[in-house]
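Visitor: Okay, handing you the structure first.
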Amino acid sequence: MSKPSSKSAKAAFYDVDGTLVKTNIVHTYGYYAMNRGSLWGIAGRTLAAVASVPIFAALDAVDRKIFNEFFYRYYAGLSEDRLLTLAEEMFEDLVKPAIFPKARDLIEEARRSGCKIVFVTGALDFTVRPLVKYLEADDLIANKMQYVGGIATGKVIPPIIEGANKANAVREYCVREGLALDKSFAYSDSGSDYAMLAVVGRPTAVNPDIRLRALARAYQWPILDLR
Amino acid sequence: MRSLKTLRKLYDEESHVVVTERGSPPRVLFSGEDFLLEDLPIGARVIYPRAPLEGVPNLRATIRYAINHPEGMEPLHALLRPGMKVTVALDDISLPLPPMRTPDVRQSILEIVLELLADSGVDDVHLIIANSLHRRMTEAEMRRMVGEKIYRSFYPERYYNHDAEDPAGIVELERTGHGEVVAINRRAAESDLIVYVNINLVPMDGGHKSVGTGLANYESLRAHHNPTVIRESDSYMEPARSALHRSTERIGRVIDRHLKVFHIETAINNRMFDGQLAFLGKKEEDYTEFDRLKLQGLRYTLSKMPRAAKRKLFMSIPAPYEVIGIHAGATEPTHAKTLELCWRQYAVPVEGQSDIVIYGVPYISPYNVNSILNPLLVQVMGLGYFFNLNRGVPLVKKGGVIILCHPAYDEFDPEHHPSYIEFFNRLLPETRDALVLERKYEREFATNPSYVHLYRKGNAYHGAHPFYMWYWGENGRQHVGKVIVAGAENNHVPEILGWQRTDTLAEAIDIARGFAGRSAEISLVHLPPILQTDVSL
């Protein structure tokens, strides 16, 4: 059994997709596809995305890491400026209306209890920044796209933030920021975030999928519904 | 079958105390969702509740008379003026137990009060459930409590649960002379008049505790919901001898100085069972053959049902309580009248204390209506409520033994009691010392954002509530030498609670006698219905 930390500063780590917001990265990619620029570009990317849906679903079920790597390739060729502009527009059009009604309350409650608010997501950082600003989070742990000459390569700078890596990222963040991991909170909707939930002292399942609901019941973690 | 002659010699019909003799019938005890039928040793006392007092013949007339002839205040109609802001606060689902048959007396009072408000040109009216740090009532429970018509008119904008964690929804008044925080619901504090509709089930309820606790927040409750104050209370069911009540009185007086509060307090009788279950309110000596048959049938049926189904069945049987009196007006004179009625119904004179006291713990407590009586609640029933159902002198002697009959199952309701789960599994194995728990962990739980969220948006008890449950048992824990839980189905729950377990009541009595001596005096308190022992030494 690990010794309780003597540090008192703590954080609340939130997964984003499905936890605070009713979207996921497929929606995000869909938005970019639809805003490609030329008509042919839109049609081509939309068709490619639609055709890939069964592959996405299968990959997501098997391994979120492979899913993410596969998925981010679809960003290749888009310019950095374009992505940033689209991120703002996408937030207004797609993300803001999809924020769960009680998400802000939950974040406020954590802030009142003295927690630093950190979002941890497998999405790309530029897509989540407007949300971070809107919900007044203090920090963001997210994937970063690799650019060459201002153009996205479709590759993510490792390590990819997902699954067990989310737990590592959270642990390292606590060490770096002088936060007590055992007094910190983590919130997620997905069984794929089990490692991140297990690594903190106060895990909570939010709108959980079947796998996470079973885990939360077994480990007697609180279960919230933000919908 | 025992002859009438034998039965007659066993007890005095008027007495509430029966001494077990050779040939006495076995006693019926609650044990969670089941009934035990147990023979007691010869000489053991069985203490029964008083018979239910007669209900008022015309409830609506009684309500009207009370609000027109209040104690220490002008009549309600004289306090009203058109355009004023009124908040009506209501006791929550923890009262009464089990929930009463519809129409709930709160509905009857509201029908009259709301009509009077409307006729007086008062349209800005909110109904707030004074749930304090208890769970929010569900929509269905809220509808049942006030009836369809009021529910449709007020829910959800003007009929809702108090939220002690809403940063914008709480107002802090001046502190008491003892430095206690006085914080209450903003809507109530900003109203021209607060009408508090109470149900007084036990003497702990009502009076200054209504607004000062029901509409307060965590910081305000800390003044009296703590182990130090509980230890200083001889019994928190006897307000005159309770430091808890002295604190709530100080807080309540500050509230009365700042705000106009018109209390409507109701006292109900102890008629918990009727119809086919009426025999549960009788002495076993009075059972007819048909009653015995019904008991056997009930026990057999329950033995074949899964626990969840039994719980559902019991929770679906409302109690046929009758109102025995309604008083209205200023806090203290109104509550004094209510307490008189409570004691007329509940107080049972008993001569001398006992070394060993036995209680059957039923399926329900104030904190698990429509839910599970988890281990912490078994503890609060035994060492909190039952132990404190006295008028300053506990029934059990100092260092004596309490025997609780309950399966002590390790079951918690994650929706209603999420913080209890962590408290029981993480904190109690570390320490059972209430002072340490308070100092080290209470604030951590109270500010845990997940628990705060579940309290505010779900139907969970506040993160601090399991601590209060543990503090509630503090008097009992400090007083008794041993607690035995008879019929516990596992070892770990009694162990975590610091108790001993046995399979049967007979074994528990044997162990208790080994602890307290072979000549130990034994009492069984035949609850429910509720009674409060008035022990003379």
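FYI, it's all coordinate maths here, none of it is from the lab. Here the structure is a predicted model, which means the values were calculated and not measured. A quick note on method: Cβ atoms are made from the backbone with ideal geometry, for glycine too, and the neighbour counts reach across all protein chains shown.
Visitor: Which FRET efficiency value, to the nearest 0.05, do you get for B:ARG101 and B:ASP433 by plugging their Cβ-Cβ distance into 1/(1 + (r/R0)^6) with R0 = 30 Å?
Guide: Computed FRET efficiency for B:ARG101 and B:ASP433: 0.10.
Visitor: Per-residue counts of other Cβ atoms within 10 Å, averaged by peptide: what ranking do you get for B:328-340, B:161-173, B:462-474, highest first?
Guide: B:462-474, B:328-340, B:161-173
Visitor: If you rank B:LYS283, B:LYS209 by fewest surrounding Cβ atoms within 10 Å, what's the result?
Guide: Least crowded to most crowded, the residues run B:LYS283, B:LYS209.
Visitor: Once the other residues with Cβ under 12 Å from the Cβ of B:GLU265 are scored (Lys, Arg +1; Asp, Glu -1), what is the net sum?
Guide: Overall, the nearby charge balance is -2.
Visitor: Still on this structure, I have one more. Which lysines have a Cα less than 27 Å from the Cα of B:LYS482, not counting those fewer than 8 places away in the same chain?
Guide: Counting by Cα, and skipping residues close in sequence, B:LYS482 has these lysines nearby: B:LYS397, B:LYS398, B:LYS440.
Visitor: Still on this model: Determine the relative contact order of the range A:71-227: mean sequence separation of Cα pairs under 8 Å and six or more apart, normalised by residue count, in whole percent.
Guide: Averaging sequence separation for qualifying contacts and normalising by length gives 19 percent for the range A:71-227.
Visitor: Restricting the count to DSSP beta bridges whose residues both fall in the range A:68-227, what percent are antiparallel, rounded to a multiple of 5?
Guide: Roughly 35 percent of the beta bridges in the range A:68-227 run antiparallel, per DSSP.
Visitor: Please list the non-local residues whose amide H lies under 5 Å from the amide H of A:VAL16, H modeled 1.01 Å from N, same-chain partners needing a gap of 5 or more.
Guide: Correct list: A:VAL120, A:GLY122.
Visitor: Of the beta bridges DSSP finds with both residues in the protein assembly as shown, what % are antiparallel, to the nearest 5?
Guide: Details: 23 of 93 bridges.
Percent antiparallel among DSSP bridges in the protein assembly as shown is about 25.
Visitor: Using a cut-off of 21 Å between alpha-carbon atoms, which lysines can reach B:LYS304, once sequence neighbours fewer than 8 places away in the same chain are excluded?
Guide: Cα-Cα hits under 21 Å: B:LYS294, B:LYS312.
Visitor: With label points built 7 Å along Cα→Cβ from the Cα atoms of B:ARG299 and B:ASP166, find their separation and express it in nm.
Guide: Result: 5.1 nm between the two label points.
Visitor: Based on alpha-carbon centroids, what's the gap between the range B:129-207 and the range B:477-520 in Å, whole number please?
Guide: 40
Visitor: Please give the contour-minus-distance gain from B:GLU411 to B:ARG257: 0.36 nm per residue of separation, less the Cα-Cα distance, rounded to one decimal in nm.
Guide: My answer for the length gained is 51.0 nm.
Visitor: How far apart, in nanometres, would the label points at B:GLU115 and B:THR138 be if each is projected 7 angstrom from Cα along the Cα-to-Cβ direction?
Guide: 3.2
Visitor: Between the range B:245-288 and the range A:202-223, what is the C-alpha centre distance in whole Å?
Guide: 39
Visitor: Which whole number gives the average count of other chain Cβ atoms within 10 Å of the Cβ atoms across peptide B:450-463?
Guide: Mean partner shielding for this stretch: 5.
Visitor: Taking only C-alpha pairs under 8 Å that are 6+ residues apart, what is the relative contact order of the range B:463-530 in percent? Walk me through the numbers on the way to the answer.
Guide: Details: 41 pairs, mean separation 15.0, N = 68.
RCO, the range B:463-530: 22 percent.
Visitor: Please list, ordered by chain and number, the residues whose modelled amide H lies under 5 Å from the amide H of A:ILE99; skip anything fewer than 5 residues away on the same chain.
Guide: A:LYS22
Visitor: Sticking with this structure for a sec: A:SER79 versus B:PHE314, label points 7 Å from Cα toward the beta carbon: distance in nm?
Guide: 7.2
Visitor: Right, here's the next one. Report, in deg cm²/dmol and to the nearest 500, the calculated mean residue ellipticity at 222 nm for chain B, where each DSSP H run with n ≥ 4 adds -39500 (n - 2.57) and the sum is divided by the residue count.
Guide: That comes out to -9500 deg cm²/dmol.
Visitor: Just to be sure I understand: of the beta bridges DSSP finds with both ends in chain B, what percent are antiparallel, rounded to 5?
Guide: DSSP beta bridges in chain B are roughly 25 percent antiparallel.
Visitor: Give me the number: length gained by fully extending B:GLU332 to B:SER153, i.e. 0.36 nm times residue separation minus the C-alpha to C-alpha distance, one decimal in nm.
Guide: 61.2 nm
Visitor: For a test of the definition: using alpha carbon positions, the gyration tensor, and the 1.5 limit on a/c, classify the range B:53-178 as rounded, prolate or oblate.
Guide: Numbers: a/c = 1.38, a/b = 1.12, b/c = 1.23.
Judged from the Cα gyration tensor, the range B:53-178 comes out rounded (a/c under 1.5).
Visitor: Need the list of lysines near B:LYS337 for cross-linking: C-alpha distance under 27 angstrom, and skip anything on the same chain fewer than eight residues off.
Guide: Within the straight-line cut-off, B:LYS337 pairs with B:LYS209, B:LYS260.
Visitor: What FRET efficiency, computed as 1/(1 + (r/R0)^6) with R0 = 30 Å and r the Cβ-Cβ distance, is obtained for B:GLU507 and A:ARG211, rounded to the nearest 0.05?
Guide: For R0 = 30 Å, the calculated efficiency reads 0.10.
Visitor: Next up: What are the ³J(HN,Hα) values, in whole Hz, obtained from phi via the Karplus relation 6.51 cos²θ - 1.76 cosθ + 1.60 with θ = phi - 60°, for each residue of the range B:247-258 in sequence order, with x given for Gly and Pro?
Guide: So the J values, rounded to whole Hz, are 5, 5, 5, 4, 5, x, 5, 4, 4, 5, 6, 8.
Visitor: Among B:TYR155, B:TYR451, which comes first, then next, by fewest other beta-carbon atoms within 10 Å? Write out the running numbers ahead of the final one.
Guide: Working: B:TYR155 15, B:TYR451 30.
Lowest to highest Cβ neighbour count: B:TYR155, B:TYR451.
Visitor: For the range B:496-512, in order, what is each residue's ³J(HN,Hα) by Karplus, 6.51 cos²θ - 1.76 cosθ + 1.60 with θ = phi - 60°, in whole Hz (x at glycine and Pro)?
Guide: Ordered by residue, 3J(HN,Hα) equals 4, 7, x, 10, 9, 10, 9, 6, 10, 5, 4, 4, 4, 5, 4, 5, 4 Hz.
Visitor: Sequence gap at least 6, Cα distance under 8 Å: using those rules, report the relative contact order of chain B to the nearest whole percent.
Guide: Taking the mean separation of contacting Cα pairs over the length of chain B, I get 21 percent.
Visitor: From the backbone phi of the range B:55-66, what are the Karplus-calculated ³J(HN,Hα) couplings (6.51 cos²θ - 1.76 cosθ + 1.60, θ = phi - 60°) in whole Hz, Gly and Pro given as x?
Guide: x, 5, x, 9, 5, 4, 5, 5, 5, 4, 4, 4
Visitor: Computed FRET efficiency, Cβ-Cβ of B:ASN490 and A:THR153, R0 60 Å: what is it to the nearest 0.05?
Guide: 0.50
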